[in-house]
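Chemist: My questions all concern the structure below.
Derivation of every value follows stated rules applied to the coordinates shown; laboratory data play no part. If you're wondering where the values come from, they're calculated on a predicted model, not measured in any experiment. Using ideal geometry, Cβ is built from the backbone for each residue, glycine included, and neighbour counts are taken over all protein chains shown.
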Amino acid sequence: MVTPLASRPQDVPQSPGARTVRANVDRSVWRLLNKLRRSRGKPVKKNFLRRPEVAAHRGHIIKVIVVGAGIVGAACADELARRGVSVTVVDASFCGGGTTAAGMGHLVVMDDSPAQFALTQLSVELWRELAHELDDAEYDPCGTLWVASDAEEMAAAASKVQMYRERGVDAELISTRELQKLEPQLRGGLAGGMRVPGDAVLYPTNAARWLLRRAEGNGAEVLEHRPATTIGPSEVHLSDGTTLTAHVVINAAGSHAAELTPGIPIQPRKGHLAITDRYPGMVRRQVLELGYLKSAHSTEGPSVAFNVQPRKTGQLLIGSSREFVGWNESINCALLNQMLMRVTGMMPGLARCNVIRVWTGFRPSTPDNLPLIGEFEPGLWLAAGHEGLGITTSLGTARLLADQLLDQKPLIDPSPFSAVRFE
C-alpha cells in the first residue's frame, strides 16, 4: 500500500523550498512548460512547476487523489496506478454504490456523434482485452441487436451499418426473418435491424470492484466511507476533518460531481431499472430499439425506451427511463409502467416474467451528452458527466485522462471532451 498522502498543502513532494525549485529548474523543463502553455494559448506561469507533466519529466512520483469509487473513478485509479502514479481513492460510501449501480452494464459502440463513437469504440476494445479476467464481473460477449420498427428505421439501420464498417466496427443488417431467428421473443411485424456482435454486457458494480482491486495491487490506497466535503486544486477535505493533498485531484464523483466542483454543467437524471427472476435463454443478446438514442437524449420531459439485457444468472435486466426531477429517488409508478409496457410491446412473452426488484438511480447528464474529461484548472481534473454510457466509456475515459495528465499522446482526440468547453 502507498504511504498516506500528506495532510498539509506544503507537504506535496517538491524540492526543498519553492524558491529553490524555481531557481534550479533546468531549461528542458522550461521548454516543456512553454510547449504546454502555447498549446493552450496562455502565458507561462511558474506555479506550473508542480504540474504532473513537469513532475513526470523531472522523475518525481506523481500523487493523485481520485474522488469517487464508481466505475469511472476505479478505472482512472487502475490506469494511473499501473503507470506508476501514487493514487488514493476516496468515496462517500463504497465502490460502485452510486451512479454505477444505476447503470445497465452495456458495453456498446454508440454513434450519436463522432466523438461519442470514438470514445465508445476505444472503450469497448479495451474491455474486450480484459474479457478473460472478468468472470466475477459476469462479462458476456452477447452482442447488441438494434431493432427497427418500420422502413424508416430500417433505412437508418442500413446507414449505421455502413458507417460502423467504415470505422472498423463489425456490424450487419438483419432482415425480419433473421430477427425472429436471433430473438424469437420479439413480436412479429418488425422491419429488421442491425447486429453488432462485438458489444457485450457485464455487472457494473463487480467490474468497478475488480478495477479497484487491481489498482490496490499496484499500490493504490482506497478510503471508503470517507465523504469529501470540498475539493480544490491539489487538496481534498474530508468530513472527519482530514485534508489530503496531491499534485492532482480528479473529480470522478458521478452525479455528485457538480456539488464538489460548482459551476460545471452536470445535473442528475433519474432512471428506473427492473430485474426479473431467472429465465435462462429467453433473451440471448442485448436488444434495443433504434429510437433509444433519441429517447436517451431528449430533454423535453420524461422518456422511456426499450432495452433488455440477458444476465449470466439467467435474469433479464429491463430499462430504461429518464427524467429530470432533482434528487427525488422515489419510484414513478406511471413512468415505470410505461417502461414495462414498452418492453412487453416489443417482446410480448416477457409479460409472463416475474419482476423481483425495481430501483432508481441518478446518472450525470451534460448539455451536449459528452463527458468532461481533463484539466479543469491546475491541480483539479474532471472525469464525470457520462450519463448512461459511464460503464462503457470508463476504460476509455481513464486512458484519455492518463495520457493527458502524463503528457502522452492520446489515442483519440480529447478536445470534444474538454473539461472547460462550457466556460
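Chemist: Return the Rg/Rh ratio of region 148-303 with Cα-based radii and a Kirkwood Rh. Mind showing how you got there, number by number?
Modeler: Details: Rg = 22.1 Å, Rh = 20.3 Å.
That ratio is 1.09, to two decimals.
Chemist: Is the shape of region 326-423 rounded, prolate or oblate, going by the alpha carbon gyration tensor and its root eigenvalues a ≥ b ≥ c, with a/c under 1.5 for rounded and a/b larger than b/c for prolate?
Modeler: In terms of gyration-tensor shape, prolate.
Chemist: A follow-up question, please. Just the number: Rg to Rh for region 59-100, Cα atoms, Kirkwood Rh, two decimals.
Modeler: When Rh is taken as the Kirkwood radius, the ratio is 1.02.
Chemist: Based on alpha-carbon centroids, what's the gap between region 216-261 and region 375-390 in Å, whole number please?
Modeler: Rounded to whole Å, the Cα centres lie 13 Å apart.
Chemist: Here is a follow-up. Quote to one decimal, in nm, the extra length available between residue 225 and residue 344 on full extension: 0.36 nm per residue of separation minus the C-alpha distance between them.
Modeler: 38.8 nm
Chemist: Looking at region 218-264 from every direction and averaging, what is the projected area of its Cα convex hull in nm²?
Modeler: Computing the convex hull of the Cα atoms and averaging its projections yields 3.8 nm².
Chemist: Mind scanning 63/160; 312/409; 160/181; 63/409 and naming the pairs with a C-alpha gap bigger than 31 Å?
Modeler: 63/160; 312/409
Chemist: Still on this structure, I have one more. Please compute the modelled spin-label separation between residue 167 and residue 152, points set 7 Å along Cα→Cβ, answer in nm with one decimal.
Modeler: With each label placed 7 Å out from Cα toward Cβ, I get 2.4 nm.
Chemist: Which number comes out as Rg/Rh for region 377-423 once both Rg and the Kirkwood Rh are worked out on C-alpha atoms?
Modeler: Values: Rg = 10.8 Å, Rh = 11.5 Å.
Rg divided by Rh gives 0.94.
Chemist: While we're on this one: Over every pair of different alpha-carbon atoms in region 93-210, take the mean of 1/r and invert it; report that Kirkwood radius in Å.
Modeler: Roughly 15.5 Å, rounded to one decimal.
Chemist: Note the direction-averaged projected area, equal to a quarter of the hull surface, for the Cα convex hull of region 295-373, in nm².
Modeler: Values: hull surface 26.7 nm².
For region 295-373, the mean projected area of the Cα convex hull comes to 6.7 nm².
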